[in-house]
Each structure stands twice: as C-alpha cells, then as structure tokens.
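Accompanying notes for the structure given below.
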Amino acid sequence: MIEPDSYQNRDDSDLNAKRNSARTEDPVVNLIAGGLLGSVGGAGLGFSVSLAFTGWAVVAFFAGGVAGGVLGMALGYFRGDGFTEWLKENLWRFW
C-alpha cells in the first residue's frame, strides 16, 4: 500500500497567515499609495496656481506634482498601515 506524502497533507493556515500579515505591513504599498495620492493632489494644486500665473504654468504643475508626491510618500511611509486603512475607508474609489 502506498502511503500519502505528509508534505501534501499538512495544514498551511499558519503559512498563509504569515504571508497575509507580511503583505499588509509592507511599507512599499504605503509609499506607492501615498505617492499617487500626493502627486494627484499636488498636480491639482499646481494646476490652480498655473491658472493665476500663466507664464509659470508648466513649472507650477510639475513642481506641485513632484512636491505632492514626495510629501505623500513620506506621509504614507511614516504613518504606515494606518494611512492605507484611512485611504481605504475614506477614499474607497481611489483605492
């Protein structure tokens, strides 16, 4: 009689729980989410400034996007999972 392989029959629930917890604590996800939200908001602010100062439109739009992206990435990194949870709850269409 052939006995089943013990590796195939083991319970992987602990392994899956470790994978899920590691995925939610990943700072790269927080960086990306913060960077996207910050660059969209910063570009919007840069666009509104470019309407007031038409000669500096491209510079204001670009600088607003970059500054907002950097600020959003810093916010996402330092606030951690609380930041992404806040995004999921309040800006669910963005997420």
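Tell me which residues, restricted to the range 64-95, are open to solvent by 80 Å² or more (accessible area, probe 1.4 Å) and among the acidic types (Asp, Glu).
GLU85, GLU89, listed by residue number.
Looking only at the range 24-39, decide whether some residue is closer than 21 Å to TRP92 by Cβ, more than 12 Å from the chain's Cα centre (by Cα), modelled with pLDDT of 90 or more and among the hydrophobic types (A, V, I, L, M, F, W, C).
Looking for residues that are closer than 21 Å to TRP92 by Cβ, more than 12 Å from the chain's Cα centre (by Cα), modelled with pLDDT of 90 or more and among the hydrophobic types (A, V, I, L, M, F, W, C), one finds none in the range 24-39, hence no.
Return yes when PHE47 is closer than 16 Å to ASN30 by Cβ, among the aromatic types (Phe, Trp, Tyr) and assigned to a helix (DSSP H, G or I) and no when it is not.
Judged against the criteria, PHE47 is not a match.
Would you confirm whether any residue within the range 50-63 is in contact with a Phe, Trp or Tyr (Cβ under 8 Å, 6 or more places away or on another chain), open to solvent by less than 50 Å² (accessible area, probe 1.4 Å), closer than 22 Å to TRP86 by Cβ and among the hydrophobic types (A, V, I, L, M, F, W, C)?
Within the range 50-63, none of the residues are in contact with a Phe, Trp or Tyr (Cβ under 8 Å, 6 or more places away or on another chain), open to solvent by less than 50 Å² (accessible area, probe 1.4 Å), closer than 22 Å to TRP86 by Cβ and among the hydrophobic types (A, V, I, L, M, F, W, C).
When residues of the range 50-76 are filtered for being among the hydrophobic types (A, V, I, L, M, F, W, C) and farther than 21 Å from ASN30 by Cβ, how many remain?
Selection size over the range 50-76: 11.
The values are calculated or read from the model by the stated rules, or taken from the named source; none is laboratory data. Quantities reported herein were computed from a predicted structural model and do not represent experimental measurements. Quick reminder, even Gly has a Cβ in these numbers, built from the backbone with ideal geometry, and neighbours come from all protein chains shown. Just so you know, the surface numbers come from the protein's heavy atoms only, side chains and all, with ligands and any DNA or RNA stripped out. Shrake-Rupley method; radii C 1.70, N 1.55, O 1.52, S 1.80 Å.
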